[in-house]
Ligand SMILES: Cc1cc2nc3c(=O)[nH]c(=O)nc-3n(C[C@H](O)[C@H](O)[C@H](O)COP(=O)(O)OP(=O)(O)OC[C@H]3O[C@@H](n4cnc5c(N)ncnc54)[C@H](O)[C@@H]3O)c2cc1C
Ligand code: SF4
Ligand code: SF4
């Protein structure tokens, strides 16, 4: 059994039905986890020797109304990354903080709070991180329109707008194109 | 953390020059010369790359994404290419892989030269930066010849590199390598064996093994703490498994000295890798045709790709929804680990005169933390 | 180096340091010396305005939006080009060179020049031309290899020439979906090809729909100005491909076959385009059921105008049916599209020759307007000794008879005279009728042949022998009147002062001969005006040689209410021009009828 399979099996036996584990490729295991299982999972993996909190990131699936949080852990012994994916509701997004398990999550959570607006419950310092005096919607959300922002804030015009938009029009019989 | 009293000093170092490559400030509270608390203050270099990427076709992100990092921009390009190639299951031509290795290792050399100059400068040995930055220019000349650009190379593309090597390039690389090897002896004499250097750096800014692991430190900083971890060995990307090189494991004290010496030894290993690459490089095509840059799509899915940069593990988490634009790209810069939480932790109790040197020895690079 | 060796005192020894005295530094020199950039250095843009076609792809790829396309009013663009030229803002440009790699013409490059020094901010924004060129082979250039674009098209699969020449079945195999999508992705969407299309089809739009495998959407785009998309997708002269940006350095996108592919994927046009329910209470007569009339009738019906076509033959399609051989355009495709036009309510009266069965004036009285689309149907003859009598055909008649299923008897050794597409059709039809040897005689050079390259290649592949720069002078018959030989001379290309192209001059002193039993002349067709009463021949304005009718922008002749289109109007003489004419005439007729109201 490969290392990846062992980890997969171990997670499955520990967490049962609740978690779907996939081996994405060599060195990468993905665990699709419900929101409330993330912290136990982190604690479990830390105890299993996943010392490295490689990253925490967020993906905005605006069409589904979800944020996907991805916790990426790495263990030197196994030489495997486990990516824990969890989907949370997009409006009033909240998530319990992970800093009590991995203190490295501290700044990652600050960043995601600022860029996506996810509240990390129990985090002591969700203050300004990279931005300054930001009043609008969190900028990394998909509904934040960068071009519009740039046009309004800096008065720059979009030079390629016409080059990109196709002039869609339905069939209208003669006269639609002289 | 010591208690901060009203009459303690409060300093800001940075954002103009906190002893790191890039703009970032550290807010320091000190009692006399001893630091009580340090708080990194980011945002000076936040350019919103991750957002910009989402609005550009895949291919258009190559000129953009590498601008995250000045000393070693190529890792960004290669990672983006690797991610796309993995998702779309592209076989990259052999020759392109070898060229990529040469580019990456040359970039590592250039970044280390920058590093040597930085550490020496922070100590006050000002001849060294003059030398190393001057010598780095020879590498930039090679890059200029190969890629058309000196600092930002914009040389990678989906499925390979944009152009084949110019004529006689390999010989000129070897010449520069010979020169650098010769030069290393001078550096040793003037710097690495310099009593001042030894005195100033030994036992200072210690990041021991446990601390390093606890704060997810990677790269040479981790290796200098005695953990033999190198992505090139652990998870050989591109074709690193075909090369014979060592991960030096002599210095394990985790102090400024070990970190500098670790890089000094790795410098020589990189030269070894380039020599092998030039020796073994096959002929053939250097890229594939993507047919239409505006309609190039990447299969839906996500991947985490990583490589060993001069600063540590550099990773991209890439998500595609099957469209012509990336859906999400998260850059995991190594400095996010060793520039923030780690610094908060180790700075307490250090001397204020050492802090610049410690920061530089860790190779904190704010651009890759802030993006 | 040894670990931790600590040498007290000066580490760099005095003599070590001495060597630096004589070393040439690698830094900026005083007084200033310009650093010679590497050959491949990416500096300031250079653009060859002669080659640049103003397609805007460079602006489209620029990640920094540094390029803006600006109009140069003094330029007169050639076909497939605009008078836009890229203007670069060096406040934004990041010198990545992707604009160079995407430029389809190769006109753009980055030179090794890198200095712009000025206190005026406007000096950093200009329209590059050749002024700063650092010379060929320097700077960042892109050739076909290194370009981001793929200049090779997906070739249309064909049947093996040895097999296909035995029957009249379709020679093309058609694209698979995979191939079609793979080819469709090449379209950059710059829409310059539209300039080449006589009817201005929505090419980038329908190709994009093909790329997305949405064939119904694709067909919807096509029907806007072409009611015969699959026919055109099979036999069109594809002027669009000549205007395609890829054509400047490589192979154009397979626009024609992609169109045919998508149209072929949609079995029932009615679901996509629908049947017009409009009623206009007006009637229009159309003479001849060629593409011009069919297209005109289709668009008239879309607006509710009644359209009645008078066709002398028993079949519809004009030259599409009577001229083009079936191995190039199968009946199934043609009838599918003509049936759909009929379904729109177009009435076709077969077997009625205007001028014989009904007079032109009667039509004028019975209808609100008349459209003439009678085409070119009379084949020409050379008029050399022996060309009257058995064994000599003109191509138009021969092809018509073959297409109508009449029995045509030709010999084993056939000579075809001419160099156009009709001549190619004649050679290949002759092969399929059982000829063992087919010789093509053309008086100019191979490159001068008006036939399209692909037709030439296909004919050659099937074994037609090309004898260029030859001129038949006499057809020799035996005492039974059967052809035995054709005498010919060679020609020489002579370039005369002021002439557009060199002229073939026969070398009469050396007469040679071929063994031949059948001669097909494919040296052009002529219109037949006999249906027009003499007084009308004066009323309607013709060109000098009575080959073409002169019409205005609405395709109306000098006589109110009489419109014309197709081969008898435009000298391009192809199906798509006829379709364009027909559509334009439909718009003109609608306009005219409304004015009269
Ligand atoms: C051998 C050959 C191959 C060709 N190949 C191609 C090709 O590959 N691609 C391409 O684009 N074009 C091709 N063409 C040209 C193309 O077919 C014509 O340009 C096009 O058909 C012209 O259309 P039209 O409507 O003007 O006339 P036509 O198609 O010629 O139609 C005229 C119709 O009017 C009828 N008619 C004539 N006089 C009368 C009358 N007095 N009363 C009633 N009816 C009458 C005729 O019977 C005929 O049906 C080819 C032509 C030939 C001859
Ligand atoms: S891409 Fe090339 S041909 Fe097109 S407008 Fe730009 S410079 Fe001109
Ligand atoms: S070189 Fe790059 S940044 Fe400059 S105009 Fe061309 S595409 Fe834009």
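Data overview
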| item | result |
| --- | --- |
| Subset of segment B:182-226 (residues that are part of a loop (DSSP other than H, G, I, E, B), farther than 18 Å from residue B:122 by Cα and touching a residue at least 60 places away in the same chain (Cβ under 8 Å)) | B:207, B:215, B:216, B:217, B:218 |
| Total residues in segment C:430-485, condition more than 29 Å from the chain's Cα centre (by Cα) and not in a strand (DSSP E or B) | 9 |
| Leading residue by the ranking (farthest from residue A:141 (Cα to Cα)) among those in segment A:60-78 that are out of contact with any helix residue (DSSP H, G or I) (no Cβ under 9 Å at 6 or more places or on another chain) and in a strand (DSSP E or B) | A:74 |
| Residues located in segment C:172-198, provided they are away from chain B (no Cβ under 14 Å) and assigned to a helix (DSSP H, G or I) | C:177, C:193, C:194, C:195, C:196 |
| Test result for residue B:68, modelled with pLDDT under 90 and either away from every other protein chain (no Cβ under 11 Å) or farther than 30 Å from residue B:184 by Cβ (or both) | yes |
| Residue selected from segment C:44-65 under the condition more than 24 Å from residue C:204 (Cβ to Cβ) and touching a helix residue (DSSP H, G or I) at 6+ places or on another chain (Cβ under 8 Å), by the criterion nearest to ligand 3 (Cβ to nearest atom) | C:64 |
| Some residue of segment C:249-260 being within 18 Å of residue C:341 (Cβ to Cβ) and more than 16 Å from ligand 3 (Cβ to nearest atom) | yes |
| Tally of residues being closer than 30 Å to residue C:558 by Cβ and buried (at least 17 other Cβ atoms within 10 Å of the Cβ) across segment C:497-538 | 6 |
| Residue list for segment C:111-126, filter: within 14 Å of another protein chain (Cβ to nearest Cβ) and touching a residue at least 60 places away in the same chain (Cβ under 8 Å) | C:111, C:112, C:113, C:114 |
| Positions within segment B:172-183 being out of contact with any helix residue (DSSP H, G or I) (no Cβ under 7 Å at 6 or more places or on another chain) and at pLDDT below 90, in sequence order | B:182 |
| Test: residue in segment C:225-237 that is crowded, with 24+ Cβ neighbours inside 10 Å, in contact (Cβ under 8 Å) with a residue 12 or more places away in the chain and farther than 25 Å from residue C:566 by Cα | no |
| Residue check for residue B:302: part of a helix (DSSP H, G or I), in contact with a strand residue (DSSP E or B) (Cβ under 8 Å, 6 or more places away or on another chain) and within 14 Å of chain A (Cβ to nearest Cβ) | no |
| Every residue from segment C:40-65 that is more than 6 Å from ligand 2 (Cβ to nearest atom) and over 21 Å from residue B:324 (Cβ atoms) | C:40, C:41, C:42, C:43, C:44, C:45, C:46, C:48, C:49, C:50, C:51 |
| Close pairs from segment C:303-331: first within 14 Å of chain A (Cβ to nearest Cβ) and under 27 Å from residue C:588 (Cα atoms), partner more than 12 Å from ligand 1 (Cβ to nearest atom) and part of a strand (DSSP E or B), Cβ under 9 Å, at least 6 apart | C:305/C:283; C:305/C:284; C:305/C:369; C:307/C:283; C:307/C:284; C:307/C:347 |
| Test set (1) in a loop (DSSP other than H, G, I, E, B); (2) crowded, with 18+ Cβ neighbours inside 10 Å; (3) modelled with pLDDT under 85 - residue B:6 fails condition number | (2) |
| Residue match in segment C:46-56 (condition: surrounded by 14 or more Cβ atoms within 10 Å (Cβ to Cβ), more than 28 Å from the chain's Cα centre (by Cα) and facing chain B (nearest Cβ under 10 Å)) | no |
| The listed residue being more than 10 Å from chain B (Cβ to nearest Cβ) and surrounded by 15 or more Cβ atoms within 10 Å (Cβ to Cβ), out of A:80, A:70, A:21, A:59 | A:21 |
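Each row is one residue, and each column tells you yes or no for (1) part of a helix (DSSP H, G or I); (2) within 17 Å of the chain's Cα centre (by Cα).
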position	(1), (2)
B:261	yes, yes
B:279	yes, no
B:294	no, no
B:314	no, yes
B:346	yes, no
B:364	no, yes
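For (1) assigned to a helix (DSSP H, G or I); (2) surrounded by fewer than 24 Cβ atoms within 10 Å (Cβ to Cβ); (3) in contact with a strand residue (DSSP E or B) (Cβ under 9 Å, 6 or more places away or on another chain), each residue gets a yes or a no:
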site	(1), (2), (3)
B:77	yes, no, yes
B:83	yes, no, yes
B:97	yes, yes, yes
B:134	yes, yes, no
B:150	no, yes, no
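The values are calculated or read from the model by the stated rules, or taken from the named source; none is laboratory data. Because the structure is predicted, anything quoted here is derived from the model rather than measured. Cβ atoms come from the backbone with ideal geometry, glycine included; neighbour counts cover every protein chain shown.
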